[in-house]
1. Got a sec? What order do 70, 199 fall in by accessible area at 1.4 Å, biggest, i.e. largest, first?
2. In whole Hz, what ³J(HN,Hα) sequence does segment 208-218 give by Karplus (6.51, -1.76, 1.60; θ = phi - 60°), x for Gly and Pro?
3. Straight-line reach from residue 57: which aspartates and glutamates have a Cα under 16 Å away, not including same-chain ones fewer than 8 places off?
4. Given labels modelled 7 Å from the Cα in the Cβ direction, how far is it in nm from residue 265 to residue 105?
5. With every protein chain in place, what's the accessible area of residue 127 (1.4 Å probe, Å², nearest 10)?
Amino acid sequence: MRRRGMICFSLLAAVLCLTLIFQNFLDALAVAGNLSAGTVESEAFRKQEITLEAFAKAEEAAAELEEEVWEVLAVFLIVNRFSLDDAGRVRPEHYRRYRTVLERWKPEALEAVTDALRAVWSDVRAMPVGNLENKVLDVAYEDGWMDARGDQGERRHEGTDLFCRESGRETPAEGGIYPVVSMTDGYVENIGWLNLGGWRIGVRSPSGGYFYYAHLSDYARDFQPGEQIRAGELLGFMGDTGYGPEGTQGLFPVHLHLGIYFTSEEGKEISVNPYPLLRILDNA
C-alpha cells in the first residue's frame, strides 16, 4: 500500500509538472502571437494606450522588481495587446514568467518594443509648456491622435496640441507670452521654418527619442544644430505660425504642436501618441 501511495504521488507530481509546462507553453503561444516584425509600427503600439493607474502600478512593479519602468511596460503592453487600461493587469508576480516567455520566443520583437519605449519615456523630465516669471500656466490638451485634418486631405494628426486656456481656442493671443521648454536633455537636430509646422525646433534625446515643437512665435535664442539642450530649458514661445510659406501666421489659435518620434531598426522615424505621457507628467 505504501509503495502504491508513493507511485500515485509520483504520478500526480508528474501530471502537475506536465500541466505547468503545458500552461507555460500555451502562455508562450498566446504572448508570442501578439508580436510580429512590424509591431512597433502598428497603430496599437503607437497609440500608447496607458492609463494613469496602470502606469503607477508599473512604477511600483518596477521598483519591486528592480527593473526600469519601460521594461515592465514593454512586457505588460505586449501581453495585454498594447492596451493597459486596467491597473489590475500589471501584476509583478507574472512579470518574470512572461519576460522569460518573450525572450525565448520573440527576443527581437521584445527588444524592439523595449527600445522604442526607452526612447520615448526614459529621458522626459518636464512638461513642454513651462512657467514664465513663476506664473503657473493653465494648459489644455486633448487626445487628438490620428484625428483627420479636414483641410489637409488624407493627413492625420500625429501629435498633441497644447493650448493655454488664458488665450482660448477661438481668439489667437499675442505671441511671445507662453514659454515652450524642452521635455528632455539632448541636442538640437532641426530648427527653422516648415510650411506646416511654422517655426519649429526638434530635440534628439540621449536615448534616441525625437521631440518636435511646432508653430512657435519665436525662439528663445539663436539655436544651432548640434547645440546641447537641458530638460526644462526655454526653447521659444507658443505661436500661430505655419500652414504656408515662411512668415505665415494667424490661421489658427496660438498653441504648441508636440510630436514624439523614435527610430526603428530599419531607420524609419515613427510617431507615437504624446497624450498618455503628457497626462502622466501633468499628474506627477
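The values are calculated or read from the model by the stated rules, or taken from the named source; none is laboratory data. The shown structure was predicted, so the numbers you read here are calculated from the model rather than taken from an experiment. Heads up, the Cβs are rebuilt from the backbone with ideal geometry, glycines too, and the neighbour counts pull from every protein chain shown. SASA here: full protein model, heavy atoms, side chains in, ligands and nucleic acids out. Shrake-Rupley method; radii C 1.70, N 1.55, O 1.52, S 1.80 Å.
1. Values: 70 35, 199 70 Å².
Correct descending sequence by accessible area is 199, 70.
2. x, x, 10, 10, 10, 10, 10, 6, 5, 7, 6
3. 49, 66, 67, 68, 71, 85, 86, 93
4. That separation, rounded to one decimal, is 1.8 nm.
5. Rounded to the nearest 10, that gives 40 Å².
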